[in-house]
Structure formats: C-alpha cells, structure tokens
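For reference, the structure discussed in these notes is given below.
The values are calculated or read from the model by the stated rules, or taken from the named source; none is laboratory data. Worth saying up front: this structure is predicted, and the values here are computed from it rather than measured. Note: ideal-geometry Cβ built from the backbone for every residue, glycine included; neighbour counts use all protein chains shown.
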C-alpha cells in the first residue's frame with residue numbers, strides 16, 4: 001500500500017458545498033500516478049516508448065462527503081497484475097480515520113497508435129518486476 005495526501009480545493013466543490021462526485025476518480029488518478037512514482041515506474045518513460053495506460057473500468061463508492069479544505073489520504077493498493085492488465089483499489093480516509101470513499105480502477109498497457117493491449121514483460125522488464133512485487137491480495 002502507498003499513501004497520497006491531499007487537501008480539497010474550493011473549485012472541487014459543488015452547490016451543496018461538498019466535493020463533486022467526479023473528483024473522486026481524479027483523486028484516484030493522482031494517487032495512482034503517485035503510487036507508480038513511489039515504486040520507481042516513470043509513466044512518462046513508458047509513454048515515450050509508444051505504450052499508453054488507458055482506464056478500462058472505474059468505480060467509486062461515496063461514504064462520507066468531503067468538504068472544502070478537508071485534508072485526506074488516499075490509500076492505494078495494486079491488487080491484480082499480469083503484465084498486460086492491472087487493477088488498483090483505493091480508500092479515501094480522513095485524518096480521524098473515517099473512510100470517505102472507496103473505489104477501484106482497471107487498466108491495461110496498450111500500443112499508442114492502435115490501443116492494442118500488450119504485455120510489458122519483455123519491453124520493460126524492470127517495470128514488470130517492480131509492479132509484480134507490489135501486488136497485494
């Protein structure tokens with residue numbers, strides 16, 4: 001598990017003065033990028049070699065609304081990985097321990113031009129091994 005700390009900004013809230021639901025998926029994306037950085041996988045390097053990482057599924061469960069200026073932590077876990085596709089689970093937690101939201105996303109590695117799924121095992125063996133070592137059941 002890796003953690004990512006953030007604070008809600010005013011522009012992320014809606015008329016009800018809570019974080020708009022679409023922002024939770026953005027928080028997951030920020031946490032996922034941070035996860036990859038923490039384990040030494042530079043997404044820019046992968047993309048510069050013609051491989052992209054599209055989302056193929058995303059889900060969020062809203063438990064307690066976040067509000068302007070709330071600080072929170074996104075706990076990120078890599079739960080599935082086979083070299084071509086992978087899944088993350090997320091938990092958004094307030095400093096007091098209250099869970100605000102949970103969710104998951106699924107991704108694949110794909111060719112940039114035709115979006116054909118590919119395994120990174122041969123082309124990026126170091127990234128393959130780093131990601132494989134982070135899988136939590």
Residues that are in contact with a strand residue (DSSP E or B) (Cβ under 9 Å, 6 or more places away or on another chain), surrounded by 15 or more Cβ atoms within 10 Å (Cβ to Cβ) and touching a residue at least 60 places away in the same chain (Cβ under 8 Å), at least 1 per element: which strands (runs of 3 or more DSSP E) completely within segment 1-84 meet that?
2-7, 71-81
Inside segment 85-114, can you point out the residues that are under 18 Å from residue 62 (Cβ atoms) and free of Cβ contacts under 8 Å to residues at least 24 places away in the same chain?
89, 91, 93, 96, 97
Would you be able to say whether some residue in segment 90-107 is touching a helix residue (DSSP H, G or I) at 6+ places or on another chain (Cβ under 7 Å), at pLDDT 95 or above and not in a strand (DSSP E or B)?
no
